Amino acid sequence: MIELTVGQIAEITGGLPVDGAQPDQRVTGPVEFDSRKITPGSLFMALPGAKVDGHDFAAAAIKAGAALLIVGKQVGQPALLARPASVAEEASNAAAFEHDVNGHGAAVLEAVSKLARYNTDELVAQHGLNVVGITGSAGKTSTKDLIGAVLRRGGETVAPPGSFNNEIGLPYTALRCVEGTKFLVAEMSARGVGHIRHLTEVTPPQVGVVLNVGSAHLGEFGSRDAIAQAKGELVESLPEDGLAVLNADDDHVDAMAERTAARVVRFSVDPQSHQHADYVASDIVLDEVARATFTLHHPHGEPVNVCLGVFGAHQVSNALAAAAVGIESGLDPQVVADALSNHVAASVNRMDVRTRKDGVTIINDSYNANPESMRAAVNALAYTATGRSNADSWAVLGQMGELGEGSIEEHTSLGSALGQRRIDHVVIVGNGVNQKALAKAARDVGVDTHTVENVEAAVNFVDQNIRANDVVLIKASYSDGLWDVASGLLAGEEGE
């Protein structure tokens, strides 16, 4: 965040200094919502949550050196009291407001969003900050990490690990930018129509990347057409001199070219789409753990070779999107290829591949799951196990959340896909209706299937039955917390 005074922040946000807050006090940032991360000069935003209320930690934040608190109610500490805010109807189901019964969180978030917008506008106008927005039903965080790795070759880049992609995370990320920041990679998610439009108003992008339109959050949107409508709000926000980077292999995304005034480039891994794509991968080869090598064709010179360090064939499409952003931003294609080739997974629990001392390989992709990402991960599991002699494939799976009325059907389809990919063993964690549908479908197609009640039981069962060189995939929606299965299987056993 650029350095500001309390008085300037009050003017930007419309807040009121209370309890002795001094208008000339300087705030250097960064902004935090976790009081344990406060450093001298920081700004602390107090947000209500499911278990604790940030307002209860105001005194701790001041003691740790916070120069300013932004609060929704007075806390007896020097602070900026945010003015009451109404939540827009399209954002009313967003996660940040689930526990905001008194509107304190809405007030704080509106103030912080105004501050993030001011910070972004000032850095764009005065220091040439370039904002890249990215959305899609699957692969946003992995692609954000790849884009960050590429753009860092061109200058200081803010693209933090993890999924800071909602009405809290986006302004939090944008306020990481300072005078020397050249690129901001802003990941944008949605749980309804209008959410991405709101995020683009917080950090207006110059470049917009749309990866795919899948089934994630289908239960909240109702249809893929509605998901496409929401995702396309990103390209609608772009200026005429901006750039839209679209996936030519996804018809819903490809059609978004008609919804933007910006220049459009497309990327493709599907030979049938190559003829109208600008960034294309050919000669794709996977190594023994599904890391791809390919030839990158682009419109700015000779093709270049890329050898990815991240796992799964689906990463080729993500890498093409990152390459398009980098090359269209003026980076040399070979520099972009080198950046992609040297990048390793930056965000935890996403296609994180580790091998134990006994040769067992653990593919930890447990951060989240939807039908598209599940199938991509299962494909990586099948490929990796097939390339080893006397190796079995194990899928430790939980449920895919937020699929709505089609949830049972999607879990049944996934169970059938396990048979099609010839997965040897599946361990289903939990006894809900989704897990039962998945288990039944897997059994029906002949997959050796076991159901366990919890994470501990999954660790015990798999650890007692796997053999050297077996391959284990761990994947489920975030709420299932299956990353603890990976931790349990790797504890004390991890090799190189």
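Under the definition of Cα pairs under 8 Å and six or more residues apart, what whole-number percent is the relative contact order of segment 262-408?
Relative contact order, segment 262-408: 17 percent.
Say R0 is 22 Å: what FRET efficiency, to the nearest 0.05, do Thr295 and Ser347 get from their beta-carbon distance? Walk me through the numbers on the way to the answer.
Values: r = 27 Å, r/R0 = 1.22.
That gives a FRET efficiency of 0.25.
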Cα long-axis angle, helix 104-127 against the chain (0 to 90 degrees, to the nearest 10)
90 degrees
Given the pairs Lys63/Lys114; Lys63/Lys182; Lys114/Lys231; Lys51/Lys73, which are separated by over 30 angstrom at their Cα positions?
Lys63/Lys182
Residues in segment 1-41, backbone N under 19 Å from the label point at Ala59 (7 Å along the Cα-to-beta-carbon vector): list them, ranges by number please.
18-21, 34-38
Inter-part gap, Cα centre of segment 46-67 to Cα centre of segment 386-444, in whole angstrom, is 42 Å
Could you give the angle, 0 to 90 degrees to the nearest 10, between helix 407-420's Cα long axis and the longest principal axis of the Cα atoms of the chain?
40 degrees
Distance in Å, no decimals, from the C-alpha centre of segment 240-254 to the one of segment 259-273 is 5 Å
Simple label model, 7 Å out from Cα along Cβ direction - Glu258 to Ala125, nm
3.7 nm
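Checking the a/c ratio against 1.5 first, then a/b against b/c, what shape does the Cα gyration tensor give for segment 375-496? Could the numbers behind the result be given before it?
Working: a/c = 1.82, a/b = 1.29, b/c = 1.41.
It is oblate, given that a/c is not under 1.5 and a/b is not larger than b/c.
Suppose the chain between Glu156 and Ser479 were pulled fully straight at 0.36 nm per residue; how much longer would it get relative to their current alpha carbon spacing? Show your work: numbers first, answer last.
Numbers: separation 323, 0.36 × 323 = 116.28 nm, distance 3.39 nm.
My answer for the length gained is 112.9 nm.
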For the chain, what is the convex hull volume of the alpha-carbon atoms per residue, in Å³?
145 Å³
For the peptides 180-189, 419-428, what is the packing order when you average, over each peptide's residues, the other Cβ atoms within 10 Å and list the highest mean first?
180-189, 419-428
Counting heavy atoms of the protein chains only and a 1.4 Å probe, report the per residue accessible area for segment 362-464 as a whole number of Å².
43 Å²
Helix 140-151 versus the longest principal axis of the chain: what angle, 0 to 90°, nearest 10, using Cα atoms?
70 degrees
Label-point separation in nm, Asp358 to Thr386, each point 7 Å along Cα→Cβ:
2.7 nm
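In deg cm²/dmol, rounded to 500, what helix-only [θ] at 222 nm does the chain give when every DSSP H run of at least 4 residues adds -39500 (n - 2.57) and the total is split over its residues? Let's see the in-between values first.
Working: 17 runs with 169 residues, N = 496.
Dividing the helical sum by the residues of the chain leaves -10000 deg cm²/dmol.
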State, to one decimal in nm, how far the label point of Gln272 lies from the label point of Val101, with both points 7 Å from Cα in the Cβ direction.
5.3 nm
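The values are calculated or read from the model by the stated rules, or taken from the named source; none is laboratory data. Quick caveat: nothing in here was measured; it's all calculated off a predicted structure. Every residue, glycine among them, receives a Cβ derived from its backbone with ideal geometry; neighbour counts consider all protein chains shown. Note: accessible area is taken over every heavy atom of the protein model, side chains too, but ligands, DNA and RNA are not part of it. Shrake-Rupley method; radii C 1.70, N 1.55, O 1.52, S 1.80 Å.
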